[in-house]
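Single-structure report; data block below.
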Amino acid sequence: MRKITLLGMGPTAYERKVVMDQFTVGEVWSLNNAYNFYGPDFKFDRFYELHNYLYLKDWNPGGGMSSTDHFHRLNTLECPIYVTEPLPLIRKQVDYCPVKVMRHHGTNYFLGSPSLMLAQALYEHDNGDEIEEIRSWGIDTSDPSHSQQRQSWAFWLSKVQERGIKISGSAEGFFTEYEKDDGLRGLREAVGEHICQG
């Protein structure tokens, strides 16, 4: 069965990025301009650029790059690039059809590219390309521009867990987060102990 590592560029990836290959399992999927973050020698098995062309044509991916440089750089990656609409210069682009994926799952609830990546992985799993483990690093949804995506990421991680797929890496952090409601502190841990005891 497959193992997949989803890589973002948040804090949990930053502290590992120079040796990230030691922290990945199986296929490595990433997104947007992570090629800058991980460097030119890092190998990806699948890459996602799900933003629309209208947004991307004026987007600055950092490092003095223009949108044209971004499309060119995506084209140099030696892996399929998943897109929601045709983008210029990229020869190995693969159509990501969110309608098909979300129809399969019976929901159109997603916020952010990482949730769409998880939904795709589960779609493939449900259609016979089974997955044993999904690991993530750098998809922390902790900064202001990505914090809205946190609840969607947690929703899709719950769907991973429902299928009995192992969750590892920074994604596990959701299941060990500290309870801030004083009246409920310790309840989750107590329930967990009873479940483990059978």
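Numerical summary
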| quantity | calculated |
| --- | --- |
| Complete set of residues in region 20-37 that are surrounded by fewer than 18 Cβ atoms within 10 Å (Cβ to Cβ), in contact with a strand residue (DSSP E or B) (Cβ under 7 Å, 6 or more places away or on another chain) and not in a loop (DSSP other than H, G, I, E, B) | 27 |
| Subset of region 38-50 that is without any contact (Cβ under 8 Å) to a residue 60 or more places away in the chain and in contact with a strand residue (DSSP E or B) (Cβ under 9 Å, 6 or more places away or on another chain) - its residue that is nearest to residue 89 (Cα to Cα) | 49 |
| Residue among 128, 183 that alone is out of contact with any helix residue (DSSP H, G or I) (no Cβ under 8 Å at 6 or more places or on another chain) and modelled with pLDDT under 95 | 183 |
| Close pairs from region 111-135: first closer than 12 Å to residue 157 by Cα, partner basic (Lys, Arg) and assigned to a helix (DSSP H, G or I), Cβ under 7 Å, at least 6 apart | 122/159 |
| Residue among 170, 152, 136 that alone is modelled with pLDDT under 95, in contact with a strand residue (DSSP E or B) (Cβ under 7 Å, 6 or more places away or on another chain) and farther than 26 Å from residue 67 by Cα | 170 |
| Sole exception among (1) crowded, with 19+ Cβ neighbours inside 10 Å; (2) under 17 Å from residue 2 (Cα atoms); (3) among the small types (Gly, Ala, Ser) for residue 164, by number | (1) |
| Qualifying residues in region 48-93 (those that are outside any loop (DSSP other than H, G, I, E, B) and in contact with a Ser or Thr (Cβ under 6 Å, 6 or more places away or on another chain)) - the one surrounded by the most Cβ atoms within 10 Å (Cβ to Cβ) | 48 |
| Selection status of residue 139, surrounded by 13 or more Cβ atoms within 10 Å (Cβ to Cβ), part of a loop (DSSP other than H, G, I, E, B) and of a type outside the set (Gly, Ala, Ser) | yes |
| Of all residues making up region 157-195, the number that are within 28 Å of residue 113 (Cα to Cα), over 15 Å from the mean Cα position of the chain (by Cα) and among the small types (Gly, Ala, Ser) | 1 |
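The values are calculated or read from the model by the stated rules, or taken from the named source; none is laboratory data. It should be emphasised that the depicted structure is a prediction, and the values quoted were computed from it without experimental measurement. We place every Cβ from the backbone using ideal geometry, glycine too, and count neighbours over all the protein chains shown.
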